[in-house]
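Following: one structure in structure tokens, then a few remarks.
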Amino acid sequence: MMARRLPSILPDLSFEESLEVTKIHSIAGILPKDVPLVSVRPFRSPHHTISNSALIGGGKIPKPGEISLAHFGVLFLDELPEFRRDILELMREPLEDGFVTISRVASTITYPSKVMLIASMNPCPCGYYGSKEKPCSCSQDQINRYLHRISGPLLDRIDIHVEVQSVKYSELSDERPAESSEEIKKRVDMARKIQIERYKNDNIFSNSELTSELIKKYCKLDDESKQLLENAFKKLGLSARAHDRILKLARTIADLDQKENIESKHIAEAIQYRNLDRKNID
């Protein structure tokens, strides 16, 4: 439910982005006849039984897969461990590079794949590991095997992973008004404007596009923040990729906070969003 609502708080598609999305959907043959231009960010949610070519792209005449159909939008993978591991591993390079290349005897075709990947999974096969409401019936070996279906390199490419506890009835029946998507979107749009202005001379539009060189330029830390990140790096055994993603996420948190510089509280919050780094996943 949360994943399906995410597009409602994302920045509006620019005209150039709309053109790219429209071209991809037209090539795939899924563009409605009464929609000359896609104006809403895509949301794709393939089933875990999906094939390699359907997810990444392919066929005799290579067509874009779900990872390209979600370009500039959201790709949601529900029950992530239920997907075949070899299929998930195929996403590593497209997620990193922002495009997927399909090679055939007669031709090679490249489709863009700049997506926001969202995935959900249970903490164990029975779903109750760590629950305060019901005891888990799985052995530690079963839990480890379940978690190991997701590789460390794939997790490295996901900026945020958090554990969500089950919702109590009192919370579901709470009638107090929650913050609307419209209000949240205002903060997101403001952060995006800050980033567009910051990177106007770097040919990028958002923090997610920062290269290692640009991270050094725009994600400078004070001594307290450096020490905090160094301690987390050593304690959690973070990879270089995870280190950079924490910095980019902290930069985004600072932008939402409308702060020019990254502060220690922004680094601390970004580290807290790496829950699965604390688990034995490789």
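The values are calculated or read from the model by the stated rules, or taken from the named source; none is laboratory data. Predicted model, so just to flag it, every value in this text is computed and none were measured. All Cβ positions, glycine included, derive from the backbone under ideal geometry; neighbour counts span all protein chains shown.
Output the number of residues of segment 138-159 satisfying the condition of being in contact with a Lys or Arg (Cβ under 8 Å, 6 or more places away or on another chain), over 22 Å from residue 2 (Cβ atoms) and modelled with pLDDT of 85 or more.
Residues flagged as in contact with a Lys or Arg (Cβ under 8 Å, 6 or more places away or on another chain), over 22 Å from residue 2 (Cβ atoms) and modelled with pLDDT of 85 or more within segment 138-159 amount to 3.
Do we have residue 208 as closer than 13 Å to residue 252 by Cβ, of a type in the set (S, T, N, Q) and in a helix (DSSP H, G or I) here?
The answer is yes for residue 208.
Do we find a residue being in the same structural domain as residue 40 (by TED's automatic domain parsing), free of Cβ contacts under 8 Å to residues at least 12 places away in the same chain and either outside any loop (DSSP other than H, G, I, E, B) or under 16 Å from the mean Cα position of the chain (by Cα) (or both) anywhere in segment 106-124?
So far as segment 106-124 goes, yes, one or more of its residues are in the same structural domain as residue 40 (by TED's automatic domain parsing), free of Cβ contacts under 8 Å to residues at least 12 places away in the same chain and either outside any loop (DSSP other than H, G, I, E, B) or under 16 Å from the mean Cα position of the chain (by Cα) (or both).
Could you say which residue among 149, 192, 198 is touching a Pro at 6+ places or on another chain (Cβ under 8 Å) and in the same structural domain as residue 269 (by TED's automatic domain parsing)?
Testing whether each residue is touching a Pro at 6+ places or on another chain (Cβ under 8 Å) and in the same structural domain as residue 269 (by TED's automatic domain parsing) leaves just 192.
Considering each of 213, 260, 224 in turn, give the residue that is without any contact (Cβ under 8 Å) to a residue 24 or more places away in the chain and part of a helix (DSSP H, G or I).
Just one listed residue meets the conditions, 213.
Do we have residue 52 as surrounded by 13 or more Cβ atoms within 10 Å (Cβ to Cβ), farther than 26 Å from residue 212 by Cβ and at pLDDT 90 or above here?
Criteria met by residue 52.
Considering segment 127-158 alone, what residues qualify as being of a type in the set (A, V, I, L, M) and in contact with a strand residue (DSSP E or B) (Cβ under 8 Å, 6 or more places away or on another chain)?
Those that are of a type in the set (A, V, I, L, M) and in contact with a strand residue (DSSP E or B) (Cβ under 8 Å, 6 or more places away or on another chain): 155, 158.
Confirm whether residue 102 is touching a residue at least 12 places away in the same chain (Cβ under 8 Å) and assigned to a strand (DSSP E or B).
Yes: the conditions hold for residue 102.
What number of residues in segment 113-137 are in contact with a Pro (Cβ under 6 Å, 6 or more places away or on another chain) and modelled with pLDDT of 90 or more?
Looking only at that region, the number is 2.
Suppose we keep only residues that are exposed (fewer than 10 other Cβ atoms within 10 Å of the Cβ) and assigned to a helix (DSSP H, G or I) within segment 160-184. Which one would you say is modelled with the highest pLDDT?
It comes out as 182.
Looking only at residues that are of a type outside the set (A, V, I, L, M, F, W, C) and under 20 Å from the mean Cα position of the chain (by Cα) in segment 195-219, which one is surrounded by the most Cβ atoms within 10 Å (Cβ to Cβ)?
207
Pull out all pairs, ordered by first then second residue, where Cβ-Cβ is under 7 Å, the residues are six or more apart or on different chains, the first lies in segment 39-58 and is charged (D, E, K, R), and the second is assigned to a helix (DSSP H, G or I) and at pLDDT 95 or above.
Filtered contacts from segment 39-58: 44/66; 44/69.
Which of the numbered conditions does residue 48 fail, given that it passes all the others? Conditions: (1) assigned to a helix (DSSP H, G or I); (2) closer than 17 Å to residue 80 by Cβ.
All conditions are met except number (1).
Quickly run through segment 70-111 and pick out the residues that are surrounded by fewer than 18 Cβ atoms within 10 Å (Cβ to Cβ) and of a type in the set (Phe, Trp, Tyr).
Matches in segment 70-111: 99 only.
Report whether or not residue 192 is at pLDDT 90 or above, closer than 17 Å to residue 259 by Cβ, of a type in the set (D, E, K, R) and assigned to a helix (DSSP H, G or I).
When the stated conditions are applied, residue 192 passes them.
Within segment 1-38, how many residues are of a type in the set (S, T, N, Q) and farther than 16 Å from residue 69 by Cβ?
Here the count works out to 2.
Mind checking which residues of segment 1-45 are basic (Lys, Arg), touching a strand residue (DSSP E or B) at 6+ places or on another chain (Cβ under 9 Å) and not in a helix (DSSP H, G or I)?
41, 44
Take the residues in segment 28-49 that are over 17 Å from residue 88 (Cα atoms) and basic (Lys, Arg), then tell me which one is surrounded by the fewest Cβ atoms within 10 Å (Cβ to Cβ).
33
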